[in-house]
Amino acid sequence: SALKTARRRFGLNDRNLTVLSALLSFFPDRDLSGGSALVVWPSNAVLSERANGIPESSLRRHLQRLIEAGLIARQDSPNGKRYARQGPCPAVFGFSLAPLLNRSAEIEAAAAEETMMQAELRATRETVILLLRDTEKTLNALNAPLPEALIEIRRDLRRTLPLTALKQLERLAARRCHHALLQLERATEVPG
């Protein structure tokens, strides 16, 4: 759940997470812990089936992305197959989930940061929308047209913007709102 929230910070997409979830489904325990071997060894065919039928070529690409992101590690056998060997010399070859466990605190922190940033993005966007609404109402009271700058801000809000761009729109909308309120104040002043 935390990794889903912070996926962009790790350069992951939903399909990468689907493959990771499928890999985790092969781990016998409910929670990852350092006390057990953290290696799973499903074949590509079985893993593909558990990952909602992702084609094997795509599966390999998603696995590579998870390795590059440092969330899993490949533990290859001499012949490149994934398996567990029992007996006097036990060995397990497949994908180690240890990096995921080792980075759990980092993932939790990134998820908390992302949650805060998303909340700030929503709040800033709402503030801009409210400022635009107030400005428009004020201009309507003055029978004044909506300036092109405000129409442009409205257009910009249709896109997904970074926080810095939203803050800039907020400052611009606040200035426009303040200016419109001053105009209304002057227009409704009773001569004394």
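The values are calculated or read from the model by the stated rules, or taken from the named source; none is laboratory data. The model shown is predicted, which means the values in this text are computed figures rather than measured ones. Quick reminder, even Gly has a Cβ in these numbers, built from the backbone with ideal geometry, and neighbours come from all protein chains shown. In case anyone asks, the SASA skips ligands and DNA or RNA and just uses the protein heavy atoms, side chains included. Shrake-Rupley method; radii C 1.70, N 1.55, O 1.52, S 1.80 Å.
List of remarks:
- Förster radius 35 Å - calculated FRET efficiency between residue 2 and residue 129 (Cβ-Cβ, nearest 0.05): 0.70
- Extreme residue, positive dipole direction of the chain, given options 70, 91, 188 (C-beta unit charges): 91
- Shown is the FRET efficiency for residue 121 and residue 75, computed with R0 = 45 Å from the Cβ-Cβ distance and rounded to the nearest 0.05: 0.70.
- For the chain, a simple Cβ point-charge model (Lys and Arg +1, Asp and Glu -1, everything else neutral) yields a dipole of about 520 debye relative to the Cα centre.
- Efficiency of FRET between residue 64 and residue 146 - r from beta-carbon atoms, R0 45 angstrom, step 0.05: 0.35
- Karplus-derived 3J(HN,Hα), 6.51/-1.76/1.60, for each residue of region 165-179, Hz, glycine and proline x: 5, 5, 5, 5, 5, 4, 5, 5, 5, 5, 4, 5, 5, 4, 4
- Packing around the peptides 7-15, 159-167, 126-134, taken as the average count of other Cβ atoms within 10 Å per residue, puts them in this order, highest first: 126-134, 7-15, 159-167.
- Take the Kirkwood radius over Cα pairs of the chain, plug it into Stokes-Einstein at 10 °C and 1.306 mPa s, and you get 76 µm²/s for translational diffusion.
- Cβ-based net charge around residue 173, under 12 Å, with every Lys or Arg adding one and every Asp or Glu removing one: +1
- The angle between the Cα long axis of helix 104-141 and the main principal axis of the chain comes to about 20°, on a 0 to 90 degree scale.
- Overall, the accessible surface of region 106-192 at a probe of 1.4 angstrom is composed of carbon and sulfur to the extent of 56 percent.
- Inter-label distance for residue 179 and residue 15, nm, one decimal - labels placed 7 Å from Cα along Cα-to-Cβ: 4.7 nm
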